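Before we start, here is the structure in question, set down as structure tokens.
What follows is calculated from the coordinates using simple rules that are stated; it is not laboratory data. Since this is a predicted model, take the numbers as computed values, not measurements. Neighbour counts run over all protein chains shown; Cβ positions are idealised from the backbone, glycine included.
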Amino acid sequence: MQFRYRVIAVCMLVVVSTVATTAYFRSVRTPRTQGNQRAEDRAKPPRVTNYFDERAVFLWGNPPAVASAKSQVQAPASNIRRSDYVGPDTCQSCHKEQHDNWSEHSHRWMNAYATEETVLGDFSGASKTNYMGGDASFFRTNGEFHARLSRNDVVREFRIERTIGRRFYQSYVGRLIDGPDPKNDPLWQLDVHIPFTYWIQQKEWVPETHLSEETPDEQRVDPFESKTLRVYSTGCASCHTTRPIGDWLWSYKSWKRAEIYTPHSFAFDTRGYFSEAHPKLAALIPDGRMPSKKAAASLRYKLESLPAPEFAVTLGISCEACHNGCRDHVAQPKEHRPSFFPASPHLTVLEDQPSHDIWGRTQENINFICARCHSAQNVTYAGGMACFNSQEATDAMNGHCYRGSTNADVAHNEMGNALSCVHCHDPHQAIGQKWARTPDEDDASCLQCHQQFVEPDARAMHTHHSAGSAGSRCMNCHMPKISEGLQDVVRTHMIFSPTNRKMIEANQPNACNLCHVEENIDWTIHNLRKWYGEEHTDYSEQMLSQNYPDRNLAVALGWLRNSSSEATRLIGVDALTKANAQWALTDLINALDDPYLINRQFAQQGLETMLDIDLDTLNYKYYQLGRESRKASLDRIRRSLLPQTVK
């Protein structure tokens, strides 16, 4: 039975890929948006920059006449085949400082071989995690790292092959070595993502979140069922390993991302590329004939299934993930600079005015590099920004200040000073557990362009807060911390105004009440109108009445108590605990019973920090599923923290 499920899962992956395969992409998956919105807003498609028909044309042969309407620009050299890449150790000889810094960066450790030096999890065998009626245990055998998932009489054991990450959590890729599955089940030949992860700060094994969309407890994926195990090469490798960009362009998710985010239209002769880079795969398609959708999907699946250690440039994200293949640069450093856009005899750039720098280190190319991975289609707030961190590029391009973005100021575009990701993020420098830059340094990033606010008096007139206060900081108002980032709530990368109509009307996180947690919505709207005028605060009374049933209730408490948006409830917990809102303690304890596991995690973290306690001592685990299973521990918590309660 499990074998049949495994075969069905593989077939379904091919079918899904088949449905998505076409010569041109003309649609983008709409992220699920949380909360109540105006009907006209729900009807609008999401705003996505650089989305035009035929911006990325995938061909099986030379560019046809359809491309002749634009100027065709051939690349200076190839940087997209595996043979064009040299690996980070080669870069080190000339770029030692960058290499040393990168060696500590999270990108470096997105994927690595499991060794004594790289494994951070507790494999002593001393700890066991009980979840969904099963046990996950981690131990060592003959110098190897192993994971065992067991429930009732079904036991599967995996040999750990590689690690994933090391900043907040470390996850693992394993190969099945013992289990009840038939020996011809594909599971035995696949590297799978172990569905439990090691929480480094807590020194604890916990169920992994975000392997699929977060759901209420009763809908969560069962990690003890083999059919739910996620194959690493087809689900994770595109962003956790450095693959040749030619391979990346052909993968399922990348086709869409390439067309949405590419700064230059292009036509890609995939037959020519495969003939050079993967001749065995190219031979599967009759020469000179456009593959059927089914054949193209099968080819894509075979390409994505190639084992990462063998066909990737490196495990993890290394130099050439951004600089592309640099073999020519290494051979002749001065004559051949790295190209920051894909280059190949099989890739033709189609430009109306091809005079600008197509392959240089431009803002557009830099943002495209980051968007290749940082553009997941996640659940969004009513304002369009992601609820969960990993959609940074999409959010950035849907906000202000980025060239070509939907809301880019005319001044930013004309002055040529629109943002790129590296304005704030040094791709070679690790950021550590916490954001290292000071508030003044963050403000300086904004004031480089917005120089009218450099003088303290001018800034105070704009922010209506005293200099140096939290309310005077650019990013606290225009990039508030409303994005869940596994262990912390981090800043959204959509730059927007605190008056944002959609967020205010939907009763979803706004910058004002993230700090002023005790104030009600009428207080917030009154001040926004007084400062910025009716023009920017024309809110629908109908929407306000619908989404704020008690206009006297503290907004942050309403987020926690009444919101149908799980992300909004999570932000309510985070804001109230950071504000040490003892007056909200009853509601914060109730948040430990939220139907979403990730929300309970943040409720436990927040309460433990706010009250300097350890809820483990009261036998509470946020990943306990089902309210009945949590009832006894929650009763103990209420008796301990709310002595007056009778419960």
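Could you tell me the calculated FRET efficiency between ASP222 and TYR113, based on Cβ-Cβ distance and R0 = 25 angstrom, to the nearest 0.05?
Values: r = 29 Å, r/R0 = 1.17.
Efficiency, from the Cβ-Cβ distance: 0.30.
Any chance you could run the full-extension gain for ASN184 through ASP352? It's 0.36 nm times the residue separation minus the Cα-Cα distance, nm to one decimal. Provide the component values of the computation, followed by the final result.
Numbers: separation 168, 0.36 × 168 = 60.48 nm, distance 5.35 nm.
Separation in residues times 0.36 nm, less the Cα-Cα distance, equals 55.1 nm.
What list of ³J(HN,Hα) couplings, whole Hz, do you get for segment 362-367 from phi and the Karplus terms 6.51, -1.76, 1.60, once you set θ to phi - 60° and write x for glycine and proline?
8, 4, 5, 5, 4, 5
Here's something else I'd like to know. Calculate for the chain the 222 nm mean residue ellipticity that helices alone would give, adding -39,500 (n - 2.57) per DSSP H run of length 4 or more and normalising by residue count, nearest 500 deg cm²/dmol.
On the way: 29 runs with 227 residues, N = 647.
Taken over the chain, the calculation gives -9500 deg cm²/dmol.
Another question, if that's okay. At 7 Å along Cα-to-Cβ for each site, give me the label-to-label distance between LYS294 and HIS336 in nm.
For the pair LYS294/HIS336, the computed spacing is 4.2 nm.
Can you run phi through the Karplus equation (6.51, -1.76, 1.60; θ = phi - 60°) for segment 418-427 and list ³J(HN,Hα) in whole Hz, with x for Gly and Pro?
Computed from phi, the couplings for segment 418-427 are 5, 6, 10, 4, 7, 4, 10, 10, 8, x Hz.
A further question on this structure: Using a simple spin-label model with points 7 Å from Cα along the Cα→Cβ vector, what separation in nm is obtained for ARG627 and THR586?
It is 1.7 nm.
Applying the Karplus parametrisation 6.51 cos²θ - 1.76 cosθ + 1.60 with θ = phi - 60° to the phi angles of segment 430-445, what ³J(HN,Hα) value in whole Hz is obtained for each residue in order, glycine and proline being reported as x?
5, 9, x, 5, 10, 4, 8, 6, 7, x, 5, 5, 5, 4, 4, 4
Find how much the distance from SER93 to LEU611 grows on full extension, using 0.36 nm per residue of separation minus their present alpha carbon separation; answer in nm with one decimal. List each step's numbers first, then the result.
Values: separation 518, 0.36 × 518 = 186.48 nm, distance 5.08 nm.
Roughly 181.4 nm would be gained on extension.
Taking R0 as 30 Å, what's the FRET efficiency between ASP522 and ALA467 from their Cβ-Cβ distance, rounded to 0.05?
Numbers: r = 28 Å, r/R0 = 0.93.
Efficiency for this residue pair is about 0.60.
Same structure again: Classify segment 112-235 as rounded, prolate or oblate, taking a ≥ b ≥ c as the square roots of the eigenvalues of its Cα gyration tensor: rounded when a/c is under 1.5, otherwise prolate if a/b is larger than b/c and oblate if not. Intermediate results must be reported in sequence, preceding the final value.
Numbers: a/c = 1.31, a/b = 1.09, b/c = 1.21.
Here segment 112-235 falls in the rounded category.
With the cut-off at 1.5 for a/c, could you classify segment 509-647 from its C-alpha gyration tensor as rounded, prolate or oblate? Could the numbers behind the result be given before it?
On the way: a/c = 2.54, a/b = 2.20, b/c = 1.16.
Here segment 509-647 falls in the prolate category.
List the pairs from LYS434/LYS502; LYS578/LYS621; LYS227/LYS253; LYS227/LYS256; LYS256/LYS502; LYS183/LYS302 whose alpha-carbon separation is above 24 Å, in the order I gave them.
Details: LYS434/LYS502 30 Å; LYS578/LYS621 21 Å; LYS227/LYS253 22 Å; LYS227/LYS256 27 Å; LYS256/LYS502 27 Å; LYS183/LYS302 21 Å.
Flagged as over cut-off: LYS434/LYS502; LYS227/LYS256; LYS256/LYS502.
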